[in-house]
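The values are calculated or read from the model by the stated rules, or taken from the named source; none is laboratory data. Note that this is a predicted model, so its numbers are computed, not measured. Quick reminder, even Gly has a Cβ in these numbers, built from the backbone with ideal geometry, and neighbours come from all protein chains shown.
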Amino acid sequence: MSKNPRNPVRRHFIKTLGLAAGGGAALLTACSSGHRSAEKNLGFAEIPHRLDARHHLPKDYTADILLRWGDPIDAGGDTFKPAALTPAEQQRRFGYNNDFIAFMPLDSDAGPAEGLRHSRSHNSRSGLLCVNHEYTLPHLMFPGYADKRSAGRIVSAEHVAIEMAACGHSIVEVKKTDEGWRPVLESAYNRRITVTTPMEIVGPAAGDARLRTSADPSGRQPVGTIANCAGGKTPWGTLLIAEEGFGGAFQGNPDKVADPAEARNHRDFGVGPDNRNWGDHHPRFDIEREPNEPNRFGWMVEIDPYDPTSTPRKLTALGRFEHEGFTLVAKPGQLIAAYGGDDDEHQFVYRFLSSGRYEIQADNRQLLSEGTLYAGRFDRDGSGRWLPLVFGLGPLTADNGFHSQADVLIDARRAAVLLGATPMDRPEDVQTNPVNDCTYVMLTKNKRRGDDGLNASNPRPRNSAGHVLEIVPPGTQGNRDHTSDTFRWNLFLLGGNPQAEDPAERGAYGQQSAGDISPHGWFANPDNVAFDQRGNMWIATDGCEDFGFHDGLWAMATEGEGRAIPKHFFGCPLGAEACGPEFTPDGTTLFVAVQHPADSRDSTFDKPAHRWPDNDPELPPRPSVMAIRRRDGGPVGS
Ligand code: FEO
Ligand code: CA
Ligand code: CA
């Protein structure tokens, strides 16, 4: 980018950064006015930026490697032998590329199917660890692949079947013992959900003609879930897991799909002839043979982990796109607000509002099937508006190719464009801080953000480091109205090095001056987020290796003197991104998913860049969930 200050792009950029760096309208609505210093609030010893084959924690912390790809999740399972892995074996073992984690507490005196009771428990020593497995990496899972590219097309039928069994979700009972966290292999709760698990489609699009296939003329009984990225939890004890980059699982040429609108839809989600070749072995993953099958993916899926016999449900009211996740704000007596992001360049932030009110004792499961989906518009003056995706309203009519509410939900992206929603820099997790009641949007990056496509909420051209927005609904701290159609918003931070010379690369952390950010406190590419009991924000990153150091976790206050001052807590081994993260209810354990370790240049099963976490010459690198604890048992981070 030019350094000429007369460059109009640069002028626009500096003006917009002003909102984050001092005095702009967007800063005047800061979420609260508390005063606590970062150091008092986050008392751990910061770790340095590194890039090596190990994971890194602050001194005084320890971690259990709790579940690794291939670990058995039932009592009959034996030691993992990757070269002898079969589809049937993978089906009963922990899956690949762990992402979202939910810890669902168990009461020791309750049994399966007593979910409602369990969901109110705050037990922090026993629970169900519910983990997404986003995708597979054949070149690191199977011997014989020369590189990543060869693995994309040459997979055998057996390898495809193993991949399908390694995706999806795992539910595993875990217990905290005197020696640390352990899986409970004999538990009746333990379960794998995969690409072959029968499911149900519910909500306004269920049964629509565009969801029917030759195997399912009802359009209500899909099979399997894929690309399960992040997710959320409901107060009634269920999980929401996202279907994100599902298009890559479908092969075939969209030009050969008869309906041009459907062809455009498939193209928009990356379906194409060069994708992985599951369709060679399973016709439903070939759009030239089953053109509607991709429409049965791209939804949020609700799972009841407390009932091992329950059928997962795809919730069409929450729209169809590349879901990162959906997280709920559920206050008794009020409508439920749920926030989610579509993780693709120039896609949107969404809010769902239920039609019915949430009540603690009621059966609330219909609440996420009846309501209105909205896309976010972030205006230059720091205000914002939720725009309803309702058939017949505004441009969402037959003139624009919408013939029903099902069409609006299946083509939510196209509806959001027509409504004038703000295209964002890849929305990842969107989550509400339970202490200050503001909502935070992780925008991971967007290198395709052009000079002429900048807007106040996405102010950087070729945004390589990402940023975080703060949504401030009307009301006061702890009592904000998430059902309002209007809000204020702030640029909470811009990722990157605050000392970088080029302003387009330079990080900005709230109103802090560059000198307030430690040399290891800055980070890039925010992806997943969690909040601790004190309202501190814990951001997991995906992409810091482009800046020369590992991905990991950075924690920061969202209010007071330490607002937006990140402190580096955890570092991944080379090639991995950090996912999860999830605290136990008492805050003394932090679960983190280390996804795709050793997925770096030229790394293969036969010659991996490293073999974390086992460091055993017989074992490849294995995606794993870690349970991080303070050695003295106190709350993590305090
Ligand atoms: Fe699967 Fe948006 O990261
Ligand atoms: Ca993610
Ligand atoms: Ca990611």
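Points to keep in mind about this one:
- So residue 535, is it out of contact with any His (no Cβ under 8 Å at 6 or more places or on another chain) and either free of Cβ contacts under 8 Å to residues at least 40 places away in the same chain or more than 16 Å from ligand 3 (Cβ to nearest atom) (or both): yes
- When the range 513-529 is limited to residues that are within 22 Å of residue 637 (Cα to Cα) and surrounded by fewer than 22 Cβ atoms within 10 Å (Cβ to Cβ), the one that is farthest from ligand 1 (Cβ to nearest atom) turns out to be 516.
- Matching entry among 356, 325, 340, 333 (being assigned to a strand (DSSP E or B), touching a residue at least 12 places away in the same chain (Cβ under 8 Å) and away from ligand 1 (no atom under 16 Å from the Cβ)): 356
- Residues of the range 549-600 satisfying the condition of being within 18 Å of the chain's Cα centre (by Cα), aliphatic (A, V, I, L, M) and more than 16 Å from ligand 1 (Cβ to nearest atom): 555, 590
- Applying the criterion of at least 2 residues that are more than 16 Å from ligand 2 (Cβ to nearest atom) to the strands (runs of 3 or more DSSP E) found wholly in the range 521-638 leaves 552-556, 567-571, 589-595, 624-630.
- Subset tally (residues that are among the hydroxyl-bearing types (Ser, Thr, Tyr) and within 26 Å of the chain's Cα centre (by Cα)) for the range 166-213: 5
- The residues on offer are 301, 271, and the sole one that is in contact with a Lys or Arg (Cβ under 9 Å, 6 or more places away or on another chain) and β-branched (Val, Ile, Thr) is 301.
- Residues in the range 481-505 that are surrounded by 17 or more Cβ atoms within 10 Å (Cβ to Cβ), out of contact with any strand residue (DSSP E or B) (no Cβ under 7 Å at 6 or more places or on another chain) and at pLDDT 95 or above: 2 in all.
- In this structure, residue 233 does satisfy being within 21 Å of residue 315 (Cα to Cα) and either at pLDDT 95 or above or away from ligand 2 (no atom under 16 Å from the Cβ) (or both).
- Subset tally (residues that are buried (at least 22 other Cβ atoms within 10 Å of the Cβ), more than 13 Å from ligand 1 (Cβ to nearest atom), farther than 23 Å from residue 289 by Cα and hydrophobic (A, V, I, L, M, F, W, C)) for the range 202-256: 2
- Restricting 192, 220, 210 to those that are more than 16 Å from ligand 2 (Cβ to nearest atom) and either part of a strand (DSSP E or B) or in contact with a Lys or Arg (Cβ under 6 Å, 6 or more places away or on another chain) (or both) reduces the list to 192.
- Which numbered condition residue 540 misses (of (1) under 30 Å from residue 371 (Cβ atoms); (2) touching a residue at least 60 places away in the same chain (Cβ under 8 Å); (3) touching a strand residue (DSSP E or B) at 6+ places or on another chain (Cβ under 6 Å); (4) of a type outside the set (Val, Ile, Thr)): (2)
- Any hit, the range 62-69, residues being under 18 Å from residue 619 (Cα atoms), surrounded by 17 or more Cβ atoms within 10 Å (Cβ to Cβ) and either touching a helix residue (DSSP H, G or I) at 6+ places or on another chain (Cβ under 8 Å) or polar (S, T, N, Q) (or both): yes
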